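Colleague: Mind having a look at this structure? Questions to follow.
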Amino acid sequence: MHAINYEAPKSLDEAVKLLAAHGEKARPLSGGTDLLIQLRAGTRRPEFVVDIKQIPELTRISFSLQHGLRLGAAAPCISIHENSDMRKYYPGLTEAAHLIGSLQIQSRATVGGNLCNGSPAADTTPALIALGAQARVIGPKGERTVPVDGFCLAPGRTVLQPGELLVEFHIPAPERHSSDAYLRFIPRNEMDIAVVGVGAALSLDVSDDRVVEARIGLGAVGPTPIFAAEASKSLIGKTLDAAAIENAARLAIAVATPIDDMRGTAEFRRHVVGVLTRRTLAKAAERAREANQR
Amino acid sequence: MSRRPRDPHHNEKIAAEFDPAADDGGPKLSRRSFLKGAGAAAAVAGLLGVQPAAADDAAPEPPLAGAAERLGPGPATFKLRINGATRTVTAEPRVTLLGVLRDHLGLTGAKLVCDRGACGACTVHLDGAPVTSCMMLAIDARGHEITTIEGLGAPDRMHALQDAFVAKDALQCGFCTPGMTMALSAALEANPNPSPAEIKHAIAGNICRCGTYPHVIEAALAAAQAARGQA
Ligand SMILES: Cc1cc2nc3c(=O)[nH]c(=O)nc-3n(C[C@H](O)[C@H](O)[C@H](O)COP(=O)(O)OP(=O)(O)OC[C@H]3O[C@@H](n4cnc5c(N)ncnc54)[C@H](O)[C@@H]3O)c2cc1C
Ligand code: FES
Ligand code: FES
């Protein structure tokens, strides 16, 4: 690893000033589980590593039924699955965070780092997309809010400009009968990169089991994580029966643009998108029916 | 869920007992006599290669006080809490926690294998949670309580898991053993009554070249039972 300067701002203000001053010469350090590998490999050579974990806004998790969830970009995955509100109201996002690497990795890795690293296979991103998460970004030119489904531009590239920092995610409060789920396919039980990942969030009217809201996010089947807009829209107003689920799965496959690689062929990946879309929808629906969130 | 050692003074006790500065300052056991005499038990205890280094008396400086600091790129001097003692380290910011443990402090229980978070051989506890020490900067470990295999138990005062690893023959070459033991001890703190599936999940990030997994799982179950029996 090349020699680095280490800086640890204690406030958002300080962090913005430091990052603005350094521009392209700096990288934020969250859990470091991607960044340290890139520094060692020499694929990133920042002069300044700016540790963002001492900034209170970045590590907090705050939830209320009125305002929904504020999830700090630098809250480690372990603090997500140890949080009872997260497990209850956002079980899909929680299970995605609990899939990253090993427990050792989850003690450090963060959802913000997972997104900012820009991998199309990042496990928490489809779960965030399904929940309609908004990313609060701050930088030299001020603040902006970016929907997570538009955050990634290409493998390893996001909307973040030099000097910009992802502060937190805002996720809407759950509806009464709403829930989410995330599933991924890997050839082993743990510790592998998703061949396909699918996140789904549903809100139901349980009086007639109709879908009020639906969002489906896909991972590892395109240059960026994908919001399956048509598949999601197709479910709204429908009873969640086998035909509706099958139709959504077909539409999800249609927006996937996977490649052949050592983890699987494009054809296999399309097939798995269908399988996992069906399964995540069924799982999210089962949770939503049981849920009584308010 | 508890991520703190059950006995809050456990680390201090071990550190006090094994503070080499307290007696002749030399290593208590030579590597050779250790291997000859105690065999597997010695390897499990993970004390091989521990070098004397005095623990500082001074309380650690609150690393988080004041405005944004800049350290590096040259060596910086900072304090870490390791196995209940405060240690002063001078290292460049690019040095990992594993690098400081092994190369600066002589705590060679945590092993360097993959250097990319994928094998678990370098597992230590950070505030009771398992972390791969190759995947974090040492400077980023300030303000946290670090426990290494050297702080978990000692040959005459073995952690229940270390006893169980010996009893169940849960190691061959022993290279993965300190990491396995640290991952499992964190898991048992959080869940004293784990199922075999939960044990497998706890060591999903620990790779054993020798394939000792079945015995490791048996050892973890036995240790959990022993610990519950004592409680
Ligand atoms: C052994 C191993 C297994 C893994 N398994 C998985 C897996 O199963 N699934 C998966 O999705 N990933 C996996 N990963 C990758 C990695 O752990 C995740 O992507 C993790 O979520 C990254 O988070 P971090 O906090 O460690 O990010 P860091 O490494 O700290 O940061 C990643 C990148 O994002 C930038 N960044 C971080 N935070 C911000 C911010 N707030 N604002 C602006 N930029 C920021 C950094 O500068 C860096 O470029 C694995 C990694 C390892 C080492
Ligand atoms: S050496 Fe750290 S995980 Fe392999
Ligand atoms: S005992 Fe040899 S690597 Fe596990």
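The values are calculated or read from the model by the stated rules, or taken from the named source; none is laboratory data. Every value quoted in this text rests on a predicted model; they were computed, and no experiment measured them. For neighbour counting, all protein chains shown are included, and Cβ atoms are generated from backbone atoms with ideal geometry for every residue, glycine included.
Colleague: Looking at B:Gly153, is it surrounded by fewer than 19 Cβ atoms within 10 Å (Cβ to Cβ) and either more than 30 Å from A:Ala8 (Cβ to Cβ) or polar (S, T, N, Q) (or both)?
Modeller: Details: surrounded by fewer than 19 Cβ atoms within 10 Å (Cβ to Cβ): no; either more than 30 Å from A:Ala8 (Cβ to Cβ) or polar (S, T, N, Q) (or both): yes.
Judged against the criteria, B:Gly153 is not a match.
Colleague: Let me ask you something else. With among the aliphatic types (A, V, I, L, M), in contact (Cβ under 8 Å) with a residue 40 or more places away in the chain and more than 24 Å from A:Leu276 (Cβ to Cβ) as the only criterion, which of A:Ala74, A:Ala96, A:Ala41 stands out? Please lay out each step first, then the result.
Modeller: Numbers: A:Ala96 fails: more than 24 Å from A:Leu276 (Cβ to Cβ); A:Ala41 fails: in contact (Cβ under 8 Å) with a residue 40 or more places away in the chain.
The match here is A:Ala74.
Colleague: Follow-up question, since we're still on this one. Could you name every one of the helices (runs of 4 or more DSSP H) located completely within the stretch A:1-63 that has at least 1 residues being of a type in the set (S, T, N, Q) and farther than 30 Å from A:Lys88 by Cβ? Walk me through how you get there before you give the answer.
Modeller: On the way: elements: A:12-22, A:35-41, A:56-59.
Result: A:35-41.
Colleague: Ok, one more. Name the residues in the stretch B:178-211 that are surrounded by 22 or more Cβ atoms within 10 Å (Cβ to Cβ), over 17 Å from A:Ser107 (Cβ atoms) and more than 16 Å from ligand 2 (Cβ to nearest atom), would you?
Modeller: Residue satisfying the conditions is B:Ile199 alone.
Colleague: Also, I was wondering about something else. Look at A:Glu168 and say whether it is more than 16 Å from ligand 3 (Cβ to nearest atom), more than 28 Å from B:Cys119 (Cα to Cα), surrounded by 19 or more Cβ atoms within 10 Å (Cβ to Cβ) and acidic (Asp, Glu). Give the steps one after another, and end with the answer.
Modeller: On the way: more than 16 Å from ligand 3 (Cβ to nearest atom): yes; more than 28 Å from B:Cys119 (Cα to Cα): yes; surrounded by 19 or more Cβ atoms within 10 Å (Cβ to Cβ): yes; acidic (Asp, Glu): yes.
Here the answer is yes, as A:Glu168 does meet what is asked.
Colleague: Can you tell me which residue is farthest from the other protein chains (Cβ to nearest Cβ) among those in the stretch A:81-113 that are within 16 Å of ligand 2 (Cβ to nearest atom) and part of a helix (DSSP H, G or I)?
Modeller: Going through the stretch A:81-113, the residues within 16 Å of ligand 2 (Cβ to nearest atom) turn out to be A:100-109.
Add one more test, that the residue is part of a helix (DSSP H, G or I), and what stays is A:103-106.
Details: A:Leu103: 6, A:Gln104: 4, A:Ile105: 6, A:Gln106: 9 Å.
This residue is A:Gln106.
Colleague: Consider A:Arg250 against the criteria (1) surrounded by 17 or more Cβ atoms within 10 Å (Cβ to Cβ); (2) not assigned by TED's automatic domain parsing to the domain that holds A:Val137: it satisfies all of them except one. Which criterion is unmet?
Modeller: (1)
Colleague: Within the stretch A:172-184, restricting attention to residues that are of a type outside the set (S, T, N, Q) and crowded, with 21+ Cβ neighbours inside 10 Å, which residue is farthest from ligand 1 (Cβ to nearest atom)?
Modeller: In this case the residue turns out to be A:His177.
Colleague: Find the residue count for the stretch A:42-87, including only residues that are more than 18 Å from A:Ser30 (Cβ to Cβ), in contact with a Lys or Arg (Cβ under 7 Å, 6 or more places away or on another chain) and polar (S, T, N, Q).
Modeller: Within the stretch A:42-87, residues that are more than 18 Å from A:Ser30 (Cβ to Cβ), in contact with a Lys or Arg (Cβ under 7 Å, 6 or more places away or on another chain) and polar (S, T, N, Q) number 1.
Colleague: For the stretch B:105-148, give me each residue that is away from ligand 2 (no atom under 11 Å from the Cβ) and over 26 Å from A:Ile52 (Cβ atoms).
Modeller: B:Leu105, B:Gly106, B:Leu107, B:Thr108, B:Gly109, B:Thr148
Colleague: Pick from the stretch B:105-118 the residues that are more than 16 Å from ligand 3 (Cβ to nearest atom) and among the aliphatic types (A, V, I, L, M): which of them is surrounded by the fewest Cβ atoms within 10 Å (Cβ to Cβ)?
Modeller: It comes out as B:Leu105.
Colleague: Okay, next question. Of all the residues that make up the stretch A:100-133, how many are in contact with a strand residue (DSSP E or B) (Cβ under 8 Å, 6 or more places away or on another chain) and surrounded by fewer than 22 Cβ atoms within 10 Å (Cβ to Cβ)?
Modeller: Within the stretch A:100-133, residues that are in contact with a strand residue (DSSP E or B) (Cβ under 8 Å, 6 or more places away or on another chain) and surrounded by fewer than 22 Cβ atoms within 10 Å (Cβ to Cβ) number 2.
Colleague: Could you check how many residues of the stretch B:119-131 are more than 7 Å from chain A (Cβ to nearest Cβ) and either surrounded by fewer than 24 Cβ atoms within 10 Å (Cβ to Cβ) or within 12 Å of ligand 1 (Cβ to nearest atom) (or both)? Spell out how you get there, then give the answer.
Modeller: Applying the first criterion (more than 7 Å from chain A (Cβ to nearest Cβ)) to the stretch B:119-131 yields B:119, B:121-122, B:124-125, B:127-128.
Now drop any that are not either surrounded by fewer than 24 Cβ atoms within 10 Å (Cβ to Cβ) or within 12 Å of ligand 1 (Cβ to nearest atom) (or both), which leaves B:119, B:122, B:127-128.
The number of residues fulfilling the criteria is 4.
Colleague: Step by step: first the residues of the stretch B:60-115, then only those that are among the basic types (Lys, Arg) and at pLDDT 95 or above, then the one that is nearest to B:Ile207 (Cα to Cα). Which residue is that?
Modeller: Taking the stretch B:60-115 first, the residues among the basic types (Lys, Arg) are B:70, B:79, B:81, B:87, B:94, B:102, B:111.
Retained after the next criterion (residues that are at pLDDT 95 or above): B:79, B:81, B:87, B:94, B:102, B:111.
Details: B:Lys79: 31, B:Arg81: 28, B:Arg87: 30, B:Arg94: 26, B:Arg102: 20, B:Lys111: 12 Å.
So the residue we want is B:Lys111.
Colleague: Additional query: Taking the stretch A:1-51 as the search range and keeping residues that are more than 7 Å from chain B (Cβ to nearest Cβ), in contact with a helix residue (DSSP H, G or I) (Cβ under 9 Å, 6 or more places away or on another chain) and of a type in the set (S, T, N, Q), which one is farthest from B:Met136 (Cα to Cα)?
Modeller: A:Ser11
Colleague: Shifting gears a bit: Yes or no: A:Glu57 away from every other protein chain (no Cβ under 12 Å) and within 22 Å of A:Glu175 (Cα to Cα)? Please lay out each step first, then the result.
Modeller: Details: away from every other protein chain (no Cβ under 12 Å): yes; within 22 Å of A:Glu175 (Cα to Cα): no.
Against the criterion (away from every other protein chain (no Cβ under 12 Å) and within 22 Å of A:Glu175 (Cα to Cα)), A:Glu57 does not qualify.
Colleague: For the stretch B:66-89, which residues satisfy the criterion of being part of a strand (DSSP E or B) and within 14 Å of chain A (Cβ to nearest Cβ)? Steps first, please.
Modeller: Going through the stretch B:66-89, the residues part of a strand (DSSP E or B) turn out to be B:70-71, B:76-82, B:85-89.
Once the filter is applied, which keeps residues that are part of a strand (DSSP E or B) and within 14 Å of chain A (Cβ to nearest Cβ), the stretch B:66-89 yields B:Arg70, B:Leu71, B:Ala76, B:Thr77, B:Phe78, B:Val89.
Colleague: Being of a type in the set (Lys, Arg), in the same structural domain as A:Ser234 (by TED's automatic domain parsing) and more than 19 Å from the chain's Cα centre (by Cα) is the requirement here; does A:Arg215 meet it? Even if it seems obvious, please write down each step before you answer.
Modeller: On the way: of a type in the set (Lys, Arg): yes; in the same structural domain as A:Ser234 (by TED's automatic domain parsing): yes; more than 19 Å from the chain's Cα centre (by Cα): no.
No.
Colleague: Quick one: what pairs do we get from the stretch A:4-15, first residue among the β-branched types (Val, Ile, Thr), second in a strand (DSSP E or B), C-beta under 8 Å, 6+ apart or different chains?
Modeller: Pairs that qualify, where the first residue is among the β-branched types (Val, Ile, Thr) and the partner is in a strand (DSSP E or B), are A:Ile4/A:Phe48; A:Ile4/A:Val49.
Colleague: Between residues in the stretch B:191-217 that are within 16 Å of ligand 1 (Cβ to nearest atom) and residues that are among the hydrophobic types (A, V, I, L, M, F, W, C) and at pLDDT below 95, which pairs lie under 8 Å by C-beta distance while being six or more apart or on different chains?
Modeller: B:Ala204/A:Met191; B:Gly205/A:Met191
Colleague: A further question follows. Would you pick out the residues in the stretch B:133-175 that are touching an Asp or Glu at 6+ places or on another chain (Cβ under 6 Å) and in the same structural domain as B:Val216 (by TED's automatic domain parsing)?
Modeller: Once the filter is applied, which keeps residues that are touching an Asp or Glu at 6+ places or on another chain (Cβ under 6 Å) and in the same structural domain as B:Val216 (by TED's automatic domain parsing), the stretch B:133-175 yields only B:Lys168.
Colleague: A further question follows. I'd like to know if the stretch B:91-114 contains one or more residues that are in a strand (DSSP E or B), of a type outside the set (Ser, Thr, Tyr) and more than 9 Å from chain A (Cβ to nearest Cβ).
Modeller: For the stretch B:91-114, residues in a strand (DSSP E or B), of a type outside the set (Ser, Thr, Tyr) and more than 9 Å from chain A (Cβ to nearest Cβ): present.
Colleague: Sticking with this one: Is it true that some residue in the stretch A:236-249 is touching a residue at least 40 places away in the same chain (Cβ under 8 Å) and under 20 Å from A:Ser119 (Cα atoms)?
Modeller: Applying the first criterion (touching a residue at least 40 places away in the same chain (Cβ under 8 Å)) to the stretch A:236-249 yields A:240.
Right, trim to under 20 Å from A:Ser119 (Cα atoms) and you get none.
Scanning the stretch A:236-249 turns up no residue that is touching a residue at least 40 places away in the same chain (Cβ under 8 Å) and under 20 Å from A:Ser119 (Cα atoms).
Colleague: Among A:Ile55, A:Ile37, A:Ile78, which is the only one that is touching a Ser or Thr at 6+ places or on another chain (Cβ under 9 Å) and either among the acidic types (Asp, Glu) or within 16 Å of ligand 2 (Cβ to nearest atom) (or both)?
Modeller: Numbers: A:Ile55 fails: either among the acidic types (Asp, Glu) or within 16 Å of ligand 2 (Cβ to nearest atom) (or both); A:Ile78 fails: either among the acidic types (Asp, Glu) or within 16 Å of ligand 2 (Cβ to nearest atom) (or both).
Only one candidate qualifies: A:Ile37.
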